[in-house]
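The values are calculated or read from the model by the stated rules, or taken from the named source; none is laboratory data. All values derive from a computational prediction rather than experimental measurement. Neighbour counts run over all protein chains shown; Cβ positions are idealised from the backbone, glycine included.
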């Protein structure tokens, strides 16, 4: 037999009963969801930063990072909405390597999915309790979304998942913004097809249930750059790219046209310091063209306490440094947030 069934995992309702939410958390999330929705519907002109580590690898440094982010939120509250990246699932191009806290709540130990499910729920919960900031996570596995659906204020669908039917239909049942990234090929029609599907109603099988969804009017696009046939990165954040995006949105007739620009990945060729320059260029495009300003609602930025990245399993571990893609350090992050608040 090629698939070994080790043990049956608790369903989301059981995990939620084990790790319940307080009335305070529910109230905080409701208010944050309202504020974020108003940005995507155009009722608010605040600018969104979905910002944080490439992957949430350890509880202590992630919580420390979000505490710092919360202090920054107080300083820029009139201009910016900061949404922490607490990405607990890490897609792997080849299937090898660290797959995120869901798989390994301790990156130095063997995978433990049950412990991981509990750990990621507790991490998102602690972040809200201690900082008042609800967060974003990537929906790598659609069937696992229900473990966190009462905690998340933003969901991203990655470049390798955006063509998948189950991802699209699951997003159609969400009531929070969901960003659909362009695929690694860069084909924008694939991304727009995904948004159109996510904004539509569906009937399908989900976690063994016959479910019906009403469509998610806050589904939108994320530009993250592409990779050509030679394996070279092709950015798509330039002014001409944003004008093309405007044109494509105009032809589709989708609800709440919106875009988030990912400043890392193939847009920066994973040269993490380039995120600063890319953010500045996008802001310049928004300032130059009112239509782009209306469409581009925010940026996605990878940053952590310590810049760069490190390997795991080498005997030493730098507190708050990424173990996946390299990130901006806190000093650069703080300066960038303040700069964006002044110019957006």
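A few points about this structure:
- Residue in the range 181-197 that is touching a helix residue (DSSP H, G or I) at 6+ places or on another chain (Cβ under 7 Å) and over 24 Å from residue 266 (Cβ atoms) present: no
- Residue match in the range 74-92 (condition: within 18 Å of the chain's Cα centre (by Cα), assigned to a loop (DSSP other than H, G, I, E, B) and surrounded by fewer than 20 Cβ atoms within 10 Å (Cβ to Cβ)): yes
- The single condition among (1) farther than 14 Å from residue 171 by Cα; (2) in contact with a strand residue (DSSP E or B) (Cβ under 7 Å, 6 or more places away or on another chain) that residue 131 does not satisfy is (2).
- When the range 237-275 is filtered for residues that are within 19 Å of the chain's Cα centre (by Cα) and within 28 Å of residue 175 (Cα to Cα), the ones remaining, listed by number, are 237, 256, 257, 258, 259, 260, 261, 262, 263, 264, 265.
- Every residue from the range 176-188 that is touching a strand residue (DSSP E or B) at 6+ places or on another chain (Cβ under 7 Å) and surrounded by fewer than 22 Cβ atoms within 10 Å (Cβ to Cβ): 176, 184, 185, 186
- Residue list for the range 212-249, filter: without any contact (Cβ under 8 Å) to a residue 40 or more places away in the chain, exposed (fewer than 15 other Cβ atoms within 10 Å of the Cβ), out of contact with any strand residue (DSSP E or B) (no Cβ under 6 Å at 6 or more places or on another chain) and not in a loop (DSSP other than H, G, I, E, B): 240, 247
- Residue that is farthest from residue 108 (Cα to Cα), among those in the range 275-308 that are assigned to a strand (DSSP E or B) and without any contact (Cβ under 8 Å) to a residue 60 or more places away in the chain: 296
- Residue under evaluation residue 327, criteria (1) surrounded by fewer than 15 Cβ atoms within 10 Å (Cβ to Cβ); (2) out of contact with any helix residue (DSSP H, G or I) (no Cβ under 8 Å at 6 or more places or on another chain), criterion not met: (1)
Every residue, every condition in (1) in contact with a strand residue (DSSP E or B) (Cβ under 8 Å, 6 or more places away or on another chain); (2) within 13 Å of residue 51 (Cβ to Cβ), yes or no:
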position	(1), (2)
266	yes, no
269	yes, no
274	no, no
277	no, no
281	no, no
289	no, no
301	yes, yes
307	yes, no
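- Residue in the range 93-115 that is on the phi < 0 side of the Ramachandran plot, crowded, with 23+ Cβ neighbours inside 10 Å and in contact (Cβ under 8 Å) with a residue 60 or more places away in the chain present: no
- Look at (1) in a helix (DSSP H, G or I); (2) surrounded by 14 or more Cβ atoms within 10 Å (Cβ to Cβ); (3) in contact (Cβ under 8 Å) with a residue 60 or more places away in the chain; (4) over 16 Å from the mean Cα position of the chain (by Cα) and you find that residue 10 fails only one, number (1).
- Only one of the listed residues (191, 169) is in contact with a strand residue (DSSP E or B) (Cβ under 7 Å, 6 or more places away or on another chain), in a helix (DSSP H, G or I), at pLDDT 95 or above and surrounded by fewer than 24 Cβ atoms within 10 Å (Cβ to Cβ). That residue is 169.
- Among the residues of the range 158-171, just one is closer than 19 Å to residue 214 by Cα and within 14 Å of the chain's Cα centre (by Cα), namely 171.
- Matching residues, the range 198-211, being buried (at least 19 other Cβ atoms within 10 Å of the Cβ) and under 20 Å from residue 257 (Cβ atoms): 198, 199
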